[in-house]
Amino acid sequence: IKSDKKEINIANYESIELEFVYSPITGKWNPKAKNPGFALRILPWDSTGIFGGYVDEGLYFDTEEEYGTCTKTIIIPADIADKVIASSSQDAVKAFALKFNDYQRGNDNGDQVKVQLKKVKFNRKANAPADKPFDDGLTDEQRGTVKSIYYPTKDYAAINKGEEPTEYEKHAWVYLPAGYDAEDKNTKYPVFILIHGHGQNENTWGLTDEGNGGKIKGYMDRGMASGEYEKFILVCATGIASKNWGPNGKGTDMDGSNAFGGELRNDLLLYIRENYNVAEGRDNVALAGLSMGGGQTMNIGIAKCLDLISYFGAFSAAASANGGQYFTDVDAAFPDLDINYLYMICGDADKLVIGGVREINDYITTTGWSKLGDSIATQRYHYTEVPGGTHDFPVWFQGFDEFSRIIFKKK
């Protein structure tokens, strides 16, 4: 909704005036749903798409009629700049998105509302300084590159059903750190596989070969340049091992989600090792994901692929300790292998998964788990519970940053 695309500093503004016409689309709207609700999502300079932004509770608003014209002056909370900086490392904002809010409002998955913007006005604070675009202080030589790749794989969901699998090419994003040289076979890097949540795909984390490359690219560029991150190759992949699944459909493919271990083991990791300078061994492999992907990290990464991977990040994971049975099963499957590090994060206001996450944390911190070391106060496990955090990207970006500072540290 900011048509000139120029960056502004959110701390310089006191309000935003909006006027727009809205109407639910006939046949694509649950008649029992509440009147349409919206939110203003702030997109910092390094964000990509709707997922890279920050939404404050004060920026949500509801309409008074099922359809019509909405005129709204959104007051920017006094602490919003601090929250944006905490989420994104700066308050330079490149865009604002008007987001349809269908969360817990009676809408069906796939409901649609048509919106036409009529007026957008940004009101500056009195005597506010001139806006300055963000400068990360890095040179081009200090920034990594992002590649779009297609790797050969199979429909492992079909295999698990006893059907003949279809072979196909699957898309993923690869981040190569600054200084990466394909011809330098003597310099090899660890690899970090990052996956998404329910109904999402490899684009969800915002990594891209366009523009600034996305929020997590900014984290990696700055973290590696400062030495806070060890250099690694990152792969953003779709954790659904089914040719028939598409991210724009209703729901997701749980058969494909459950089958991802076959693709991870037989295709994705092998392709990355064959085509990039990747260090050998499980000590040089990390896996992390958000929500459903956090559950896959626990239930596929640890429980089925511990012989391939040794670092694990579960962000708002859809998983549980199952009364301790989970840990017993992993011990039985991999009796001789330890975990180099397990990192977990969840918002304390995340009603979707907080119960299961706390169950896992309580088991590890009270009973202990030998795979993380003999001591209950292990140095190979960390859990962050974010005050006020919900099931959304501010928590998951924090998780990515904290986890990336831990993995692959030279011993």
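Mind checking which aspartates and glutamates have their Cα closer than 14 Å to the Cα of residue 94? Skip sequence neighbours fewer than 8 apart in that chain.
Result set, ordered by chain and number: 4, 7, 46, 131, 135.
Label residue 71 and residue 409 with points 7 Å out from Cα along Cα→Cβ: what is the distance between them in nm?
Roughly 5.7 nm, to one decimal.
Could you work out the relative contact order of the chain? I mean the mean sequence separation of Cα pairs under 8 Å and 6+ apart, divided by the number of residues, in percent.
Across the chain, relative contact order equals 14 percent.
Kirkwood hydrodynamic radius (Cα pairs, Å) of the chain?
22.7
Could you give the longest part of the chain that holds none of the chymotrypsin sites (Phe, Trp or Tyr not before Pro) found in DSSP loops with at most 16 neighbouring Cβ atoms within 10 Å?
Longest site-free region, per DSSP loop and neighbour criteria: 181-411.
May I ask you to rank 2, 147, 94 by accessible area, largest first, using a 1.4 Å probe over the protein chains only?
147, 94, 2
Positive end of the dipole of the chain, charges at C-beta (+1 Lys, Arg; -1 Asp, Glu), about the Cα centre: which of 240, 328, 110 has its Cα farthest in that direction?
110
At what distance in nm do the modelled label points of residue 124 and residue 149 sit from each other, each positioned 7 Å from its Cα along Cα→Cβ?
For residue 124 paired with residue 149, the spin-label model returns 4.7 nm.
Let me cross-check residue 23: its accessible surface, 1.4 Å probe, with only protein heavy atoms counted, in Å² to the nearest 10?
Near enough 40 Å² of accessible area.
Once you treat every alpha carbon in segment 248-296 as an equal point and sum by Debye, what is log10 I(q)/I(0) at q = 0.16, 0.21, 0.26 Å⁻¹?
Treating every Cα as an identical point scatterer, log10 I(q)/I(0) equals -0.59, -0.88, -1.09.
Net charge near residue 170, counting Lys/Arg +1 and Asp/Glu -1 over other residues with Cβ under 12 Å of its Cβ?
With Lys, Arg at +1 and Asp, Glu at -1, the neighbours total -4.
Given the pairs 28/119; 6/119; 6/125; 2/132; 99/119; 147/231, which are separated by over 20 angstrom at their Cα positions?
Correct reply: 28/119.
Dipole size in debye (nearest 20) for the chain around its Cα centre, Lys and Arg Cβ +1, Asp and Glu Cβ -1?
The calculated dipole for the chain is roughly 700 debye.
Report the semi-axes of the equivalent ellipsoid for segment 183-322 in whole Å, largest first, where each axis is √(5λ) for an eigenvalue λ of the Cα gyration tensor.
24, 18, 15
Where in the chain lies the longest segment free of GluC sites (Glu not before Pro) that are both loop residues by DSSP (not H, G, I, E, B) and have at most 13 other Cβ atoms within 10 Å?
My reading of the result: 281-411 is the longest stretch.
Measure up 161/371; 5/83; 217/409 against 28 Å on the Cα-Cα distance and list the ones that go over.
The pairs that break the limit, which is 28 Å between Cα atoms, are 161/371.
Using r as the Cβ-Cβ distance of residue 26 and residue 322, and R0 as 56 Å, what FRET efficiency do you calculate, to the nearest 0.05?
0.80
Projecting each Cα onto the charge dipole of the chain (Lys/Arg +1, Asp/Glu -1 at the beta carbon, about the Cα centre), which of 389, 39, 278 comes out farthest on the positive side?
Farthest towards the positive pole: 39.
With the contact rule set at Cα under 8 Å and sequence spacing of 6 or more, what percent relative contact order holds for segment 129-219?
Dividing the mean separation by the residue count of segment 129-219 yields 27 percent.
What FRET efficiency comes out for the pair residue 159/residue 5, r = Cβ-Cβ distance, R0 = 41 Å, nearest 0.05?
In this case the efficiency is close to 0.35.
List the aspartates and glutamates whose Cα sits under 18 Å from the Cα of residue 243, skipping any in the same chain fewer than 8 residues away.
Within the straight-line limit of under 18 Å, residue 243 reaches these aspartates and glutamates: 155, 163, 164, 167, 169, 202, 253, 255, 263, 267.
Relative to the compact globular guide of 2.2 N^0.38 Å, what is the alpha carbon radius of gyration of segment 302-404, as a ratio?
In units of the 2.2 N^0.38 Å rule of thumb, it is 1.04.
What is the extension gain from residue 115 to residue 139, computed as 0.36 nm multiplied by their sequence separation minus the C-alpha to C-alpha distance, in nm to one decimal?
So the extension gain works out to 4.6 nm.
The values are calculated or read from the model by the stated rules, or taken from the named source; none is laboratory data. Just so we're clear, the structure is a prediction, and the values are computed from it rather than from any experiment. Note that we place each Cβ from the backbone using ideal geometry, even for glycine, and neighbour counts take in every protein chain shown. We work out accessible area using only protein heavy atoms, side chains counted, and drop any ligands, DNA or RNA first. Shrake-Rupley method; radii C 1.70, N 1.55, O 1.52, S 1.80 Å.
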